[in-house]
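The values are calculated or read from the model by the stated rules, or taken from the named source; none is laboratory data. Quick caveat, the model's predicted, so the values are computed rather than measured. Positions of Cβ are backbone-derived with ideal geometry, glycine not excepted, and every protein chain shown enters the neighbour counts. Each accessible area value is taken on the protein alone, full model and side chains, heavy atoms only, with ligands, DNA and RNA left out. Shrake-Rupley method; radii C 1.70, N 1.55, O 1.52, S 1.80 Å.
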Amino acid sequence: MENLFFTSWTSLVRTLIIGLLAYVGLILMLRASGKRPLSKMNAFDLIVTVALCSTLVTVLLSKGVALADGLLAFALLIGLQFGITWLSVRFKAVSRLVKSDPTLLVYTGHYLPDAMRAERITEGEVLASLRERGIASLADAAAVVLENDGTLNALSKASSAEGSSLGNVPGIPQ
């Protein structure tokens, strides 16, 4: 019970130094790896981010994990993310494995209930996405798409044209 609030000054100094160095190391590695780890996240990116956070906490609080081990773990996770994203840009099979396709939820002013049910999206969420884009009614919506990062994008009929940005969305009637 005596170690509940304070163990030693050495422990506090270790946490401070390791925390500072691990944090700086992680920031430098993230910056060196490009913009991808800091962009809007899909499920794959979220998993890597959670793993990085977990590793940082382990390095900070576990006296059995040396700073070099933590930095190597950061480099491994960031390297794996870089490798998988590099492969996914070059090979459709890898891309399909780590990313989902966008899903069409509304088309030409009509809900697509099967798609909404499959993605667990409510009409209220669709209407909120319309309001965010300044679209007054469902009838004015050309489409609402659930993107692979989980955001809802609404397109108005006035701003959409045949062959517009809906080209990579499955389910568009031809």
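Residues that are charged (D, E, K, R), open to solvent by less than 30 Å² (accessible area, probe 1.4 Å) and assigned to a helix (DSSP H, G or I): does region 44-52 have at least one?
Here is the first cut: in region 44-52, the ones charged (D, E, K, R) are 45.
Checking which are open to solvent by less than 30 Å² (accessible area, probe 1.4 Å) leaves us with 45.
With assigned to a helix (DSSP H, G or I) added as a condition, the list becomes 45.
Checking region 44-52: at least one residue is charged (D, E, K, R), open to solvent by less than 30 Å² (accessible area, probe 1.4 Å) and assigned to a helix (DSSP H, G or I).
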Gly64: passes all of (1) part of a helix (DSSP H, G or I); (2) among the small types (Gly, Ala, Ser); (3) within 30 Å of Leu21 (Cα to Cα) but (1)
Are there any pairs, at least 6 apart or on different chains, whose C-beta atoms fall under 8 Å, with the first in region 89-101 and under 19 Å from Val169 (Cβ atoms) and the second assigned to a loop (DSSP other than H, G, I, E, B) and of a type outside the set (Val, Ile, Thr), and if so, which?
Val98/Asn42; Lys99/Asn42; Lys99/Asn148; Ser100/Asn42; Ser100/Asn148; Asp101/Asn148; Asp101/Pro170
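Just checking, how many residues over region 79-88 are in contact with a Phe, Trp or Tyr (Cβ under 9 Å, 6 or more places away or on another chain), free of Cβ contacts under 8 Å to residues at least 24 places away in the same chain and open to solvent by 40 Å² or more (accessible area, probe 1.4 Å)? Spell out how you get there, then give the answer.
Of all residues in region 79-88, those in contact with a Phe, Trp or Tyr (Cβ under 9 Å, 6 or more places away or on another chain) come to 81, 84-85, 88.
Adding the requirement that they be free of Cβ contacts under 8 Å to residues at least 24 places away in the same chain leaves 88.
Within this subset, residues satisfying the condition of being open to solvent by 40 Å² or more (accessible area, probe 1.4 Å) are none.
Result for region 79-88: 0.
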